[in-house]
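I have placed the structure first, in the form of structure tokens, so that the comments after it can refer back to it.
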Amino acid sequence: MASWIWWRESGTAARWRFEKAMKTYCGGLLAHERSELYDGLWHETDLRLDQRYGPEAHRCMLGLTDVTVVRVTRDDLRTLNLDGVLLPLKGDRLPVPLPGGWRGVTNGHSIRVVSDCRGGDAAVAVTISPYFSGGHRERPEDGWFGMDEEWVRFATATVVKAADRWNCAVEKGTRVTRLPAPAGPRDTGRAEGTCAGLPFARDKRFDTVTETPTSASAVSERCEVSGELGPFNTPYVLAADFGPFAERARRKQEAYGEAGRSEYSMWATAHCPGDPARAHFSVSIPPEASVEYHMDKENEPREETFGLPALTEFAKRSADRHGCTDLRLPR
């Protein structure tokens, strides 16, 4: 009877049960241990929905936090369920690069971290979408709400552990102690991040950008261009994705090909050394952009002139920043 009570009630027994469960949970890949990168996972964390999408593709939940760990090779891109193992960036905040020498981003709602497998076209990716932060902290002074650095530390420690398990050489970064603040809207003339250098003079109706800082370590980049005075309900959205996230983005477009266009979007690709997929660059065009707005008469159709030159400049700058070559642009 005493041993049963110890088993059910003792904190030591609870930690023992948790450690035993973590040896196989989510492939045994989660960095639940205390380390120089991470403080350790709470041993009473609820483990649920452990799923396997392949021998090296896992998805599980820690409480209400969705976690995926996957090793992606070039061959996997044709068969792997990327929607299942590469979570989308949730929320409407733009992603910012992770500090500390890590290849990844966070947007305050989701985290993406990638470790390249040097010597081959493969990568280990960890994605996390917390439902809430562990401390329920809000930091309005720097723009983050609901995202805790603890989850970023957990993600970076997990990508190192998974890479080691799969014999991938990883350049380990430093412990993340503070996340960079996302930038708010600014005048087009003050664009200095991912929106810098775009041909704003081609369409005077656009005067505002929301952009992310530039970094060669970012796996996702975004730039939004909008007009405060024009008839626009949605902005131009320029996006760049790298590593396995590039293939996930490619599958979402309406047509395939290394470059092309549809009615309201255009895309380009480039080869980035070591990545299992070509980098993917795109621009989504608001329908209003092909309509000339007049105060004194009906709106008139006009040729949309901003999308292609904007994508061209955005893709060239991003590809160069990431060391990518063989940029293919739509015509």
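Determine how large the accessible area of His43 is when every protein chain is in place; take a 1.4 Å probe and give Å² rounded to the nearest 10.
50
Could you state how much accessible area Arg251 has, in square angstrom rounded to the nearest 10, with a 1.4 Å probe and all protein chains kept in place?
80
To the nearest 10 square angstrom, how much accessible area does Glu221 have with a 1.4 angstrom probe?
0
State the percentage of accessible surface on the chain attributable to carbon and sulfur atoms; use a 1.4 Å probe and exclude ligands, DNA and RNA. If you can, show how the numbers build up before the last one.
Values: 7800 of 15840 Å².
It is 49 percent, rounded to a whole number.
Note down the relative contact order for region 185-297 as a percent, whole number, built from C-alpha pairs under 8 angstrom at least six residues apart.
On the way: 202 pairs, mean separation 23.1, N = 113.
Computed over region 185-297, the figure is 20 percent.
Ignoring everything except DSSP H segments at least 4 long, calculate the 222 nm mean residue ellipticity for the chain; use -39,500 (n - 2.57) per segment, divide by total residues, nearest 500.
Working: 6 runs with 65 residues, N = 331.
For the chain, the value works out to -6000 deg cm²/dmol.
Between Lys252 and Trp16, how high is the FRET efficiency from 1/(1 + (r/R0)^6) when r is the Cβ-Cβ distance and R₀ = 56 Å? Nearest 0.05.
Working: r = 44 Å, r/R0 = 0.79.
The value I calculate is 0.80.
Relative contact order (percent) for region 25-113, with alpha-carbon contacts under 8 angstrom and 6 or more residues of separation?
Working: 114 pairs, mean separation 14.5, N = 89.
Answer for region 25-113 is 16 percent.
Which whole number of Å³ per residue matches the convex hull of the alpha-carbon atoms in region 33-112?
On the way: hull volume 10.9 nm³, N = 80.
In region 33-112, the Cα convex hull volume per residue is 136 Å³.
Name the helices (complete DSSP H segments) of the chain with a Cα length along the long axis of 18 Å or more and a Kyte-Doolittle mean of at least -1.0, or state none.
On the way: long enough: 149-165 (24 Å, -0.18); 307-321 (21 Å, -0.51).
Going by DSSP H runs, the hits are 149-165, 307-321.
What residue among Ser318, Ser110, Ser262 has the largest mean-square fluctuation in a Gaussian network model of the chain, using Cα springs under 10 Å?
Largest GNM mean-square fluctuation: Ser262.
Taking every pair of alpha-carbon atoms in the chain, give the share separated by more than 27 Å as a whole percent. Let's see the in-between values first.
Working: 26298 of 54615 pairs.
Percent of Cα pairs beyond 27 Å in the chain: 48.
Rank Lys23, Lys252 by accessible area, highest first, at a 1.4 Å probe radius?
Numbers: Lys23 155, Lys252 120 Å².
Correct descending sequence by accessible area is Lys23, Lys252.
For region 10-90, report the accessible area per residue in Å² (1.4 Å probe, heavy atoms, rounded to an integer).
Values: 4110 Å² over 81 residues.
In whole numbers, region 10-90 has 51 Å² accessible per residue.
Sort Glu171, Glu304 by heavy-atom solvent-accessible area, probe 1.4 angstrom, most to least. Could you put the intermediate results ahead of the total?
Numbers: Glu171 140, Glu304 40 Å².
Correct descending sequence by accessible area is Glu171, Glu304.
The values are calculated or read from the model by the stated rules, or taken from the named source; none is laboratory data. Just so it is clear, the structure is predicted and the values come from calculations on it, not from any experiment. So basically every Cβ, Gly included, is an ideal-geometry build from the backbone, and we count neighbours across all protein chains shown. Just the protein is used for accessible areas: all its heavy atoms, side chains included, with ligands, DNA and RNA removed. Shrake-Rupley method; radii C 1.70, N 1.55, O 1.52, S 1.80 Å.
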